[in-house]
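Here is the structure we will look at.
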Amino acid sequence: MPNEIEIGRGKRARRAYSFDDVAVVPSRRTRDPEDVSVSWQIDAFHVDMPVLAAPMDSVMSPATAIELGRLGGIGVLDLEGLWTRYDDPAPLYDEIVELPAERATARMQEIYSEPVKPELVRDRLGEIRAAGVTVAGSLSPQRTQEHWRTVVEAGVDLFIIRGTTVSAEHVSSRAEPLNLKRFIYELDVPVIVGGAATYTAALHLMRTGAAGVLVGFGGGAAHTTRRSLGIHAPMATAVADVAAARRDYMDESGGRYVHVIADGGVGRSGDLVKAVACGADAVMLGAALARASEAPGRGWHWGSEAHHPELPRGERVRVGTVGTLAEILHGPSRTADGTLNLIGALRRTMATTGYSDVKEFQRVEVVVSPYAPY
């Protein structure tokens, strides 16, 4: 296999690249940024910008999901989070952001031990639907069979099955695993599944009938997966591998297109640009949106991995507040660190390299050019 290196006499490994290891190269043509389109379409839904918000309690509440929808993206609500466990989660947010570091994980495990309530799932999704924006909700593979009917009956537009990793061939001797192919076939709404980090895993997920595949494994700002499990997938290589699976699946299926969504490692505007350049149709943002003044985490960021009852693989981290959701996505920016005006940066890079839409920009030339991020 190309790019293999010898670790020792008994083990070889493939060289893989993160977004920090690659850079986009300008071409012979440039464009006016106003002539560039950053919209995309998944199933019947036309979206003004290639952004989904990660289903994390520090990022998304019903209110922020609605605001993101109005700004042109898709907010995904965690249907196993605080908003579906508690009638009023505000006091819990107050407590979480004030917890001392040494107490944070244990107390969050206690808070998230409260059962998910089906009536709250319906109410929260109904609130988003009443605002007239795209309704998207996320369940883990372990909870999908328990709650999917409630989610669909609540009128969800996009159903996301999101875990640290999601397999089309999960094997268990203790319980009947979720049959993704049968589940997606029988469902009346498009399903996005992930994460996947390899060509083979993504190809199998595409064969289940998924509308989109989330790419990533433990690469987010709040993950400790590499430290706790020893597993990590550098995102530039992972996105490019899954994009190759999409290409081959199109040939195999007679033209069916599955969307590739980078989920992890997209903390700044340059990461978003390089995710699309490597083949992503859209990105799922966590930490980048947790920095918004409207974010319920109030400058703190955590995901479901941070409160796993048996083996936490994440932590509560301080990301700070840099601006409003509108400023983070559309500017104007007051800093040069890539935390504000993410879509403006994508639009300008596409114009600088001469590409008119997101699909075209996936063909841009990239080079390996490692550097130490600040």
- Task: Just grab the label-to-label distance for T200 and I7, each label 7 Å out from Cα along the Cβ direction, in nm (one decimal).
- Result: 1.6 nm
- For segment 2-140, diffusion coefficient by Stokes-Einstein and Kirkwood Rh (Cα), 37 °C, 0.692 mPa s, µm²/s: 174 µm²/s
- Note on the structure: FRET efficiency for I231 and R334 from the Cβ-Cβ distance with R0 = 41 Å, rounded to 0.05, comes out at 0.65
- Message: Give me P(r) over segment 246-294, computed from all C-alpha to C-alpha distances, binned every 10 Å, as integer percentages.
- Response: 26, 39, 23, 10, 2
- Query: Residue by residue, what Karplus-based ³J(HN,Hα) values in Hz, rounded to whole numbers, does segment 50-56 have, using 6.51, -1.76 and 1.60 with θ = phi - 60° and x for Gly and Pro?
  - Reply: x, 9, 10, 8, 5, x, 10
- Reachable lysines, given that their alpha-carbon falls under 29 Å from the alpha-carbon of K274 and they are not under 8 places away in the same chain: K359
- Note on the structure: For V47, the residues 5 or more places away or on another chain with a placed amide H closer than 5 Å to its own amide H are W40, Q41, I42
- Item | Distant alpha-carbon pairs in the chain (separation over 33 angstrom), percent | 25 percent
- Would you list which aspartates and glutamates come within 16 Å of K181, measuring only between C-alpha atoms, while excluding same-chain residues fewer than 8 positions from it? E169
- 1/(1 + (r/R0)^6) with r = Cβ-Cβ of E365 and S37, R0 = 22 Å, i.e. FRET efficiency to nearest 0.05, evaluates to 0.60
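Read-outs throughout are calculated quantities, based only on the coordinates presented, and are distinct from any laboratory measurement. Everything quoted here is computed from the prediction, not taken from an experiment. So basically every Cβ, Gly included, is an ideal-geometry build from the backbone, and we count neighbours across all protein chains shown.
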